[in-house]
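Chemist: Next up is a structure, given as C-alpha cells.
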Amino acid sequence: MTTRDERLDVLSLTPGELDGALRMHFAAHGQPAYRVAQVASWIYEGGATRFVEMTDLPAREREALAEAFTLAEPASAEAARSVDGTVKHLWGLTDGELVESVLIPSGSRVTLCLSSQAGCAMGCTFCSTGWGGFRRQLTAGEIVSQYRASRRWAADQRWPPISNLVFMGMGEPLANRKALMTALTILNRGYEVGARRITVSTVGVVPGILELAKRPEQFRLAVSLHAPNSELRQELVPLEKRYPLPVLMDALRAFQRAGGRRLTFEYTMIAGINDALDLADGLADLALDVHAFVNLIPFNPIPDNNWTSSAPEHMRAFARRLEARGVTAAVREPRGRDIAAACGQLRVTYLRARRARTPAAPRAAARRS
Ligand code: SAH
Ligand code: SF4
C-alpha cells in the first residue's frame, strides 16, 4: 500500500502562504528567521528545482526541507521548434497526463502560452483540445511550473526574458478558478510578472470573469467570441447555451467598470462558417460596447473536421469592415503551424506516436461522436 505524500508543494503556495509555512518550519527547527527569505529567493529568483541546490543553507536544513515540502516540476516529454521560431514544450505530469506550453518570440518580446487544464470540458467544435475531452485540473504549481521551466529553457538558449504570459494553451482557465487565481497571485507577486503582462483567455465563464473583475490587479482578459450572435455561437461554443451573449456582455461591462483593464475579443476565422462580412457589423457593435480590441485568428485545421481557415485577403476585408465602424482590429499571423498546428495538437501527435510505439497503450483519448 502506498501512503499519500503529505508534504506541502511549495510551487502551489502563494508568497504569503510560503512565508507562513517556512516561518513555522524554521522556528520548529530552531533556525533563524532569515532562512525564510533565503528559500523564497531560491524559488522565485533562483528558480531552484531541488532543495539540495540551496547552497547557502546548511546541508541538514536542506534535507529537513525536502522531508517537509516538495518542489517538483513536470518533466519535459518533448519539445518542437517551428521554422518561425515558436517552441512548444510538452510536459509530463506526475500521473502521466500531458500538457503543453508554447514560447512565441516576436522582436524583443517573448510570449509564453500556458495550459490551465489537462484537456478541456468545453467541447468547442473547432478546437483539438475540445475534441480530446477533459482529463483533470492542473494544480497552481503545475501552472507555475510551466513558467519556471520555460524561463529556464529560454535563459539556456540565450533568449530575451519572457515578457508576457497568456493562458491560451490547453484548457479553460476560468473553469479551474481556484488554481488559476492562486497561480496568478504567485506569478505576479512571487515571480514579479506584471499583471498587465498576463492575459487570461476565456470562452466566457461568467462567474470567473466577475471574480477576475473584483481582483485589484489589472490582469488582462481575452474573450473567445468567434460569433457575434447566440445562434451561430452555439454551434461553435457549447458554453453559449449556459452563458448566452447578453449575460456574457453584462459580465464584460462589469469587467470594464472595474477600470483600467484591457479587453480583447478573439475571433477564429473559419471559411464559410463565421466569416461572412456582414457578421463584422454585429461584432463591431459588441466590441464598441465594451471597448474591446479584436484579434482575428486564422483557423488552424484540426483532424476532427474538414474546416479550413478564411483566406488572408478575406480576413483583411473583415478587419477593414470592423475598422470602418471604429473598432481596432488585428489579423494575427499563424505561428508554429509546422510543429503542431492548433491548440492541443502537440499532445495529440505525441500520443499517436506513443501508441504506435506501444500497442497496449493505456487509454485512447475520449472522442465525442
Ligand atoms: N479555453 C480558453 C483558452 C484556451 S484556447 C479559450 O477558449 O479562450 C486559446 C485560443 O485558441 C482560443 O481563442 C481558441 O478559440 C483558439 N483556438 C482553439 N482551437 C483553434 C484552432 N483550431 N484554430 C485557431 N484557434 C483556435
Ligand atoms: Fe476549451 Fe478553449 Fe478549446 Fe474551447 S477553445 S475547447 S474552451 S480550450
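The values are calculated or read from the model by the stated rules, or taken from the named source; none is laboratory data. The shown structure was predicted, so the numbers you read here are calculated from the model rather than taken from an experiment. Using ideal geometry, Cβ is built from the backbone for each residue, glycine included, and neighbour counts are taken over all protein chains shown. Only protein heavy atoms, including side chains, enter the accessible area calculation; ligands, DNA and RNA are left aside. Shrake-Rupley method; radii C 1.70, N 1.55, O 1.52, S 1.80 Å.
Chemist: Given the criterion within 13 Å of ligand 1 (Cβ to nearest atom) and either of a type in the set (A, V, I, L, M, F, W, C) or open to solvent by 10 Å² or more (accessible area, probe 1.4 Å) (or both), identify the matching residue among Ala68, Ala121, Ala155. Give the steps one after another, and end with the answer.
Modeler: Numbers: Ala68 fails: within 13 Å of ligand 1 (Cβ to nearest atom); Ala155 fails: within 13 Å of ligand 1 (Cβ to nearest atom).
None of the other options fit; the residue is Ala121.
Chemist: At least 2 residues that are modelled with pLDDT under 80 in each: list the helices (runs of 4 or more DSSP H) lying fully within the range 256-358 that qualify.
Modeler: Per the criteria, 337-340, 345-357.
Chemist: Do the conditions hold for Leu279, that is, is it open to solvent by less than 40 Å² (accessible area, probe 1.4 Å) and over 20 Å from Gly171 (Cβ atoms)?
Modeler: The answer is yes for Leu279.
Chemist: Ok, one more. Quick check, is Glu17 touching a strand residue (DSSP E or B) at 6+ places or on another chain (Cβ under 6 Å), closer than 28 Å to Cys113 by Cα and either open to solvent by less than 20 Å² (accessible area, probe 1.4 Å) or among the charged types (D, E, K, R) (or both)?
Modeler: no
Chemist: In this structure, does Arg148 turn out to be touching a residue at least 12 places away in the same chain (Cβ under 8 Å) and either in contact with a Gly (Cβ under 7 Å, 6 or more places away or on another chain) or not assigned by TED's automatic domain parsing to the domain that holds Ile104 (or both)?
Modeler: Here the answer is yes, as Arg148 does meet what is asked.
Chemist: Let me ask another. Among the charged types (D, E, K, R), within 16 Å of ligand 2 (Cβ to nearest atom) and either in a loop (DSSP other than H, G, I, E, B) or over 14 Å from the mean Cα position of the chain (by Cα) (or both) - does that describe any residue in the range 156-174?
Modeler: The answer is yes, given that some residue of the range 156-174 is among the charged types (D, E, K, R), within 16 Å of ligand 2 (Cβ to nearest atom) and either in a loop (DSSP other than H, G, I, E, B) or over 14 Å from the mean Cα position of the chain (by Cα) (or both).
Chemist: Give the range 130-147 a look and list any residue that's open to solvent by less than 10 Å² (accessible area, probe 1.4 Å) and within 12 Å of ligand 1 (Cβ to nearest atom), or say none.
Modeler: Gly130
Chemist: Using the structure shown, decide if Thr14 is of a type in the set (S, T, N, Q) and closer than 18 Å to Thr94 by Cβ. Please lay out each step first, then the result.
Modeler: Details: of a type in the set (S, T, N, Q): yes; closer than 18 Å to Thr94 by Cβ: no.
No, not satisfied.
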